[in-house]
Structure formats: C-alpha cells, structure tokens
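A.B. asks: This is the structure I want to talk about, given as structure tokens.
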Amino acid sequence: MFDNSAGLYQAQGRYSEAEPLYKRSLLISEQQLGADHPDTATSLNNLAALYKAQGQRSEAITALEQALQILEANLGQNDATLAIPLSNLAAVYEDQGDFQRAEPLYQRSLDLLQSQWGVSHPNTLVTANNLARLAYNQGNYRTSSERYRSLVSRTRQSLGDRHPDLAVYLK
C-alpha cells in the first residue's frame, strides 16, 4: 500500500511525500518479514529508484547493493529476479559516467533475462536497449549500432512493427 502511494507521488515529482512512504514500507517489511526477505529487497529497490530520481546516487547505490545481497542470499545468483536491481544499479553508475561498472551489471541482467525468458521477451529487450545506449554513451558507435539493429529485429519479430517500444529503439 505504501509503495503504491509512494510510487504515485514519485511519478508526480512529489519526492518529499514519496520518501517517507517508501521508508515506512521498508520498515514494515523489515519488521514483519525480516531484513533478509526478498520483499524487503523490493522495498529497497523502490527506495533506490526515488533516490536516483532525486540525484542521491550514493544512497541509491547503497540500497541497491543491499537489495542484491538479500536476493542473492535467498534466490541464488542465477535468478531472473536479480535483473531489475542489477539494471537499476547499472543505470545509477551510467548516470555517474562510470561506464566500466555499469556494463557488467547490464550484461549480467541481460544474461539472466535471456536464460529465463528468451531473447525476445519485452524485459530482455529493455535491458538490451540499455546496453546499446551504454555503448553509444561510451562512444562505441559500431557496437551500439549492431546492438540496436539486433534489438529492432527482435522487437519486430516478437512485438510487431507497430509496438511503441519499437519507436523508442529506432530513435
């Protein structure tokens, strides 16, 4: 309940109203389920997204690393559930210009998604887009172009020529 309300406030840019709700959700999860429960990791991931939106990258990194530790301890290192916080952590590093840290995290996320859902699943395609964008931001235009061509092809095959994500990938 608190995460939903916090997410709504966050989407509206009402960060000061979202933060206490995310923190309350985290506290309840820790108290009711335990600090090492996967749902607690989800609350940490949500709070980290708010921190990232506010430019509080250090706090976002700390929360995401904690979420990943919880998930890995509970689910192992090869569970696709790790893909979201991995990608989110990579995005924080990318925002900082720390491409060396971002790339292996995006790649690991992509590998987990591909093994779980295949190369043409929408979640896999989003992460493939993140890797293509990262290559572009690094100035590696050839790799970026190759990744985007593959991404567009897979998107057309799985989602069709009229899917809104295709327009994003074609930009």
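The values are calculated or read from the model by the stated rules, or taken from the named source; none is laboratory data. Since the structure is predicted, the reported quantities are computational estimates derived from the model, not experimental observations. Neighbour counts run over all protein chains shown; Cβ positions are idealised from the backbone, glycine included. Heads up: the accessible areas ignore ligands, DNA and RNA and are worked out on the full protein's heavy atoms, side chains in. Shrake-Rupley method; radii C 1.70, N 1.55, O 1.52, S 1.80 Å.
A.B. asks: Could you give the angle, 0 to 90 degrees to the nearest 10, between helix 122-137's Cα long axis and the longest principal axis of the Cα atoms of the chain?
C.D. replies: Tilt of helix 122-137: around 70 degrees.
A.B. asks: Based on alpha-carbon positions alone, could you give the equivalent ellipsoid semi-axes of the chain from the gyration tensor, as √(5λ), descending, whole Å?
C.D. replies: Working: eigenvalues 168, 61, 52 Å².
Its equivalent ellipsoid spans semi-axes of 29, 18, 16 Å.
A.B. asks: Please state the shape class of segment 128-171: rounded when a/c is under 1.5, otherwise prolate if a/b exceeds b/c and oblate if not, all from the C-alpha gyration tensor. List each step's numbers first, then the result.
C.D. replies: Details: a/c = 2.88, a/b = 2.18, b/c = 1.32.
Prolate, since a/c reaches 1.5 and a/b exceeds b/c.
A.B. asks: Which angle between 0 and 90 degrees, to the nearest 10, do you get for helix 141-159 versus the longest principal axis of the chain when only C-alpha atoms count?
C.D. replies: So the helix axis and the longest Cα principal axis differ by about 80 degrees.
A.B. asks: Between segment 99-137 and segment 2-67, what is the C-alpha centre distance in whole Å?
C.D. replies: 23 Å
A.B. asks: Using a/c under 1.5 as the rounded threshold, could you call segment 1-96 rounded, prolate or oblate? The axes a ≥ b ≥ c are square roots of the C-alpha gyration tensor eigenvalues, and prolate needs a/b larger than b/c, oblate otherwise.
C.D. replies: Values: a/c = 2.09, a/b = 1.18, b/c = 1.78.
It is oblate, given that a/c is not under 1.5 and a/b is not larger than b/c.
A.B. asks: Work out how much length residue 75 to residue 24 would gain on full extension: take 0.36 nm times their residue separation and subtract the Cα-Cα distance, in nm to one decimal. Could the numbers behind the result be given before it?
C.D. replies: Details: separation 51, 0.36 × 51 = 18.36 nm, distance 2.47 nm.
Contour length minus Cα-Cα distance gives 15.9 nm.
A.B. asks: Ok, one more. Between residue 117 and residue 156, what FRET efficiency comes out of the Förster formula 1/(1 + (r/R0)^6) with R0 = 25 Å and r the beta carbon distance, rounded to 0.05?
C.D. replies: On the way: r = 18 Å, r/R0 = 0.71.
According to the calculation, E is roughly 0.90.
A.B. asks: Per residue, how much accessible area does segment 1-106 show when a 1.4 Å probe rolls over the protein heavy atoms, in square angstrom?
C.D. replies: Values: 5440 Å² over 106 residues.
The answer is 51 Å² per residue.
A.B. asks: Take the solvent-accessible surface of the protein heavy atoms, probe 1.4 Å, and return the percent of it on segment 1-46 that carbon and sulfur atoms account for.
C.D. replies: Working: 1350 of 2710 Å².
That fraction is 50 percent.
A.B. asks: Follow-up question, since we're still on this one. Using a 1.4 angstrom probe on heavy atoms only, work out the carbon and sulfur share of the accessible area of segment 59-171 in %.
C.D. replies: Working: 2770 of 5980 Å².
Carbon and sulfur together cover 46 percent of it.
A.B. asks: Could you calculate the FRET efficiency of residue 171 with residue 101 from 1/(1 + (r/R0)^6), where r is the beta carbon distance between them and R0 is 30 Å, rounded to 0.05? List each step's numbers first, then the result.
C.D. replies: Numbers: r = 25 Å, r/R0 = 0.85.
That pair, residue 171 with residue 101, gives E of 0.75.
A.B. asks: Then there is this: Using a Förster radius of 35 Å, what is the FRET efficiency between residue 137 and residue 32 based on their Cβ-Cβ separation? Nearest 0.05, please. Mind dumping the intermediate values first?
C.D. replies: Numbers: r = 41 Å, r/R0 = 1.16.
That pair, residue 137 with residue 32, gives E of 0.30.
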